[in-house]
Structure formats: structure tokens, C-alpha cells
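A.B. asks: Below is the structure I would like to discuss, written out as C-alpha cells.
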Amino acid sequence: MTRATLEDGARQAPIDALPRENSIIEEAKDSAPASDPSVPAGPFPWAALLVMALMGFLLIATETMPAGLLPQIASGLAVTEGTAGQFVSAYALGTVIAAMPAIALTRGLRRKPVFLVGILGFLAANLITAFSTDIVLSLGARLLAGAFSGLLWGMTAGYARRITAPHQAGRALSVASVGTPVGLAVGTPFGSWLGTTFDWRWSFGVLSILTVVTVLLAVFLVPDAPGQRAGTRVPLARVFAIPGVAVVLGVIVSWMLGHNIMYTYIGSYLRGASLDLSVDVALVTFGAAAIAGIAITGAVIDKGLRRLVLLSLGSFIAAGAIFIVGHASLVAVFAAIVLWGIAFGGAAAQLQTAISAASGENADVANSMLGVAFNLAIFAAGVAGAVVISSFDGIVLPAALVGLAAVALVIAVAGRRTAFPT
């Protein structure tokens, strides 16, 4: 038999004869969630997506609010402020531990029941925190709240895409994720004010009332959607191996690590710069700018995701540079905060869209990994930022933002074939 004959035979061999296990993409991308034939072709589901955004608002406010109430919590539970600070750490740890297993176990179930169970579990954890007088029980409740938060964060992106027409998937994620910047801009300062003015338990009580409202709105306004088909489910490790998923996660860790080092220790930077600008004003300005960033992202994300991600990272770097060279000018620092907020506002929607597109039907699992990456970045930023400000003046913090955002930009540019396609 000649070589030509062998080549002709190879060309004529059916594709199905190739080993199935050699193609992760065939298993992982059997069909994208947004292409599900059950997706309605009707109007844009504003009401359902805004309910998801409200839930996101409650999640971010619940996670970050204790940072502004540490003296009150410590006094109320008769513990040190360092111990009270574990309210934040326990929540993040719960998300890291439970997010991926919870999503893996529930991804085949219909979405609305899982969504409602997640909200009710989150509500129960907040109620325990509000009434608990024991620090161990309180920390256990925070761990539980973080676990349900991981479930809700992980499933929201895929759920939003499943109830939205395919060509509006990015816009849907922008609307569903608007609760994050609003929570940072309004929820956290308001919760801190409420707890300081009255009692820290009132903050958790109000969050619980709003969670009850969210449950009722979800029952009536959020449509159901199917879970992931059995034939398209792959193990967690193989979801990570889907081309593009690891690239997006790398961008998330680097980008959010740089962001959170600056955000967590913004007070140290402002003191180092000797500016007449309070932390509260700086954070509210940042949050308002982030809402503008979400609006911009929602308007253009479905037309140019790659350009949007690169522009956001470039704006991050520019904001950091202004923080460095203009630290003596109130106007320059204020402008940098606005640019920083706009660039950050759409980050969650951009990254959720990218990882959902890369992972196809396994978007829920991939987004649970995204949530874990976010929380690991938050945890690492707290440690790294503390090391920086203990060794140097807070004025050097923007250098970390610039350097890590530059690393994320390089990763995003290199991921033009899989994660952030041209």
C-alpha cells in the first residue's frame, strides 16, 4: 500500500472514529447556554435581571459591611477587633470552600428552585448573625452565608444567559451584575452608618428584610430555566482545562489583586498623600463612577468584548499612574478615582461574559471558579497590602495596582484565540 493510499484513507476516515477524550472542546461546548432552544425570543427580561442585581447588591453589602463595624461587633460580642475582623474572612472562606462543589452538585437542576434555595439559605445565615450572642455561632453563620453566596454568584451568570436572547447575553450580564458597584457605593456605607448610629445588629436585620423582599420578587418575576444537560457535564478539573477558562481566571486574579490592594487600603494612600479627602467620599465617588462603567459596558459589550476588556485594563493602568504622579493634587487624585471606578464597574460583566463564552454549557461551574478567584484575590490583597503599608508609605500602593493590571493586560492580549477572541 502506498503512502498516498494511506493518506487518502486517513482523509476519508469518519470524524467519529477519533478518540472522544482527545477533544475537550467537543464535550465542553456541545452547545452554549445562550443558544438553548428554550430561550425565549421575547422582550429583554429587565425585571428578572434586576432581581438578580438586587441579590448581588445584598451579597456584596453583606460581605464588606462588617469591615466598617468592627468596634461595634467586637463590643457587642465581647471579643477583640481582630476576632471580629474574622467576620469578613469567614464569609470569604465559605465562598472559596463551597462555591465549586455546590455548583457541581446542582448544575443539572432547574435554575429557579436552586436560586430560591440559595436566597433562603443566605437569609437564614444573616438572621442567625443578627441574633447570635456567641462568636463561634456568628462565625459559623458567616461561613454559611459565604457558602450560599458562592452558589448564587456561580449560577447567576449562566441563569441570566439562559433567560435572555443569545445576541443580548452580554447586556444581560451587565444588568445582573450592576448590584456589585451599587453595593460598594451605597450598601456598605449605609450598613456601616446604620450599625454605628443604632446597633450593628440592625445592619444585618435590614439586610434580612431586603432578602425577604428579594425572595418574593424572585418568585413572581424570575422565570425558570433548565439546568445543564447530562451529556454536556464534565468534571471540575476538565472545566478548568477548557481552552480560555484558565486564561480568564489568570486575568481575574491579577486584575482583582491589584484592585483590592488599592481599594482595601485607600485610607493609607490618602493619609500618605496628605489630601483633604475622606475615605467615605472617595469610596462613594468610586462607586458612582463604577455604576457609570457598568452602563458603558452594557451598551457595548455584545459588540466588542475584547476591546472593552483591553480598554478597561488600560484605564486601570492610567488611573494608577495618575495616583502615583499626581498624589499631591486633590483634582488629579479625584480624577484618578473616577477613572478607576469607571474601569472597574464593568469588570465583573466582562469577565463573566468571557468565561461563559469560553466554557459553553459548563458556564455555571466556570463562574463558580470565577467567584473563587475573586475571593482569593480579596484575601491575598488583604495580606499583601498589609505587608506593603507596614514596610512602606501608603503612597506606593498604586504601584501594585499598575504592575498587576499590566500583568492582566499581557495575559488578556495573549488570550486572543480562546479567552478574549479577536
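A.B. asks: Can you find a residue that is modelled with pLDDT under 85, of a type in the set (A, V, I, L, M, F, W, C) and under 23 Å from residue 92 (Cα atoms) anywhere in the stretch 333-345?
C.D. replies: Looking for residues that are modelled with pLDDT under 85, of a type in the set (A, V, I, L, M, F, W, C) and under 23 Å from residue 92 (Cα atoms), one finds none in the stretch 333-345, hence no.
A.B. asks: Tell me, yes or no, whether the stretch 97-112 has at least one residue that is farther than 27 Å from residue 222 by Cα and touching a residue at least 12 places away in the same chain (Cβ under 8 Å). Step through it out loud before you land on a result.
C.D. replies: Going through the stretch 97-112, the residues farther than 27 Å from residue 222 by Cα turn out to be 97.
So of that shortlist, the ones also touching a residue at least 12 places away in the same chain (Cβ under 8 Å) come out as 97.
Yes: one or more hits.
Here is a yes/no grid of residues against (1) modelled with pLDDT under 90; (2) open to solvent by less than 50 Å² (accessible area, probe 1.4 Å):
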| site | (1), (2) |
| --- | --- |
| 40 | yes, no |
| 52 | no, yes |
| 59 | no, yes |
| 62 | no, yes |
| 68 | yes, yes |
| 78 | no, no |
| 87 | yes, yes |
| 92 | yes, yes |
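A.B. asks: All but one of (1) of a type outside the set (Phe, Trp, Tyr); (2) in a helix (DSSP H, G or I); (3) open to solvent by less than 40 Å² (accessible area, probe 1.4 Å) hold for residue 108; state the number of the condition that does not hold.
C.D. replies: Going through (1) of a type outside the set (Phe, Trp, Tyr); (2) in a helix (DSSP H, G or I); (3) open to solvent by less than 40 Å² (accessible area, probe 1.4 Å) one by one, residue 108 breaks only (2).
A.B. asks: Only one of 315, 278 is in contact (Cβ under 8 Å) with a residue 12 or more places away in the chain and of a type in the set (Ser, Thr, Tyr); which? Reasoning before the result, please.
C.D. replies: Values: 278 fails: in contact (Cβ under 8 Å) with a residue 12 or more places away in the chain.
Sole residue among the options that is in contact (Cβ under 8 Å) with a residue 12 or more places away in the chain and of a type in the set (Ser, Thr, Tyr): 315.
A.B. asks: Keeping to the stretch 394-422, report how many residues are open to solvent by 50 Å² or more (accessible area, probe 1.4 Å) and either within 26 Å of residue 359 (Cβ to Cβ) or outside any helix (DSSP H, G or I) (or both).
C.D. replies: Applying the first criterion (open to solvent by 50 Å² or more (accessible area, probe 1.4 Å)) to the stretch 394-422 yields 396, 399, 407, 410-411, 413-414, 416-418, 421-422.
If we keep only those that are either within 26 Å of residue 359 (Cβ to Cβ) or outside any helix (DSSP H, G or I) (or both) too, we end up with 407, 410-411, 413-414, 416-418, 421-422.
Going through the stretch 394-422 one residue at a time, the tally reaches 10.
A.B. asks: If you don't mind, another one. Go through the residues of the stretch 283-295 one by one and say whether even a single one is over 23 Å from the mean Cα position of the chain (by Cα) and open to solvent by less than 30 Å² (accessible area, probe 1.4 Å).
C.D. replies: So the first thing to find is which residues in the stretch 283-295 are over 23 Å from the mean Cα position of the chain (by Cα), and the list is none.
No, there is no match, as no residue in the stretch 283-295 is over 23 Å from the mean Cα position of the chain (by Cα) and open to solvent by less than 30 Å² (accessible area, probe 1.4 Å).
A.B. asks: Also, quick follow-up: When the stretch 74-117 is examined, which residues are found to be out of contact with any Gly (no Cβ under 7 Å at 6 or more places or on another chain) and β-branched (Val, Ile, Thr)?
C.D. replies: Residues satisfying the conditions are 79, 80, 83, 88, 96, 97, 106, 114, 117.
A.B. asks: A follow-up question, please. For residue 143, work out the one condition from (1) closer than 18 Å to residue 117 by Cβ; (2) touching a Leu at 6+ places or on another chain (Cβ under 9 Å); (3) of a type in the set (A, V, I, L, M); (4) open to solvent by less than 20 Å² (accessible area, probe 1.4 Å) it doesn't fulfil.
C.D. replies: With respect to (1) closer than 18 Å to residue 117 by Cβ; (2) touching a Leu at 6+ places or on another chain (Cβ under 9 Å); (3) of a type in the set (A, V, I, L, M); (4) open to solvent by less than 20 Å² (accessible area, probe 1.4 Å), residue 143 is out only on (4).
A.B. asks: Oh, and also: Which one of these does residue 299 not meet: (1) within 26 Å of residue 191 (Cα to Cα); (2) modelled with pLDDT under 95?
C.D. replies: Result: residue 299 fails condition (1) only.
The values are calculated or read from the model by the stated rules, or taken from the named source; none is laboratory data. Note that the structure is a prediction, hence the values are computed from the model and not measured. Backbone-built Cβ (ideal geometry, glycine too); neighbour counts: all protein chains shown. We work out accessible area using only protein heavy atoms, side chains counted, and drop any ligands, DNA or RNA first. Shrake-Rupley method; radii C 1.70, N 1.55, O 1.52, S 1.80 Å.
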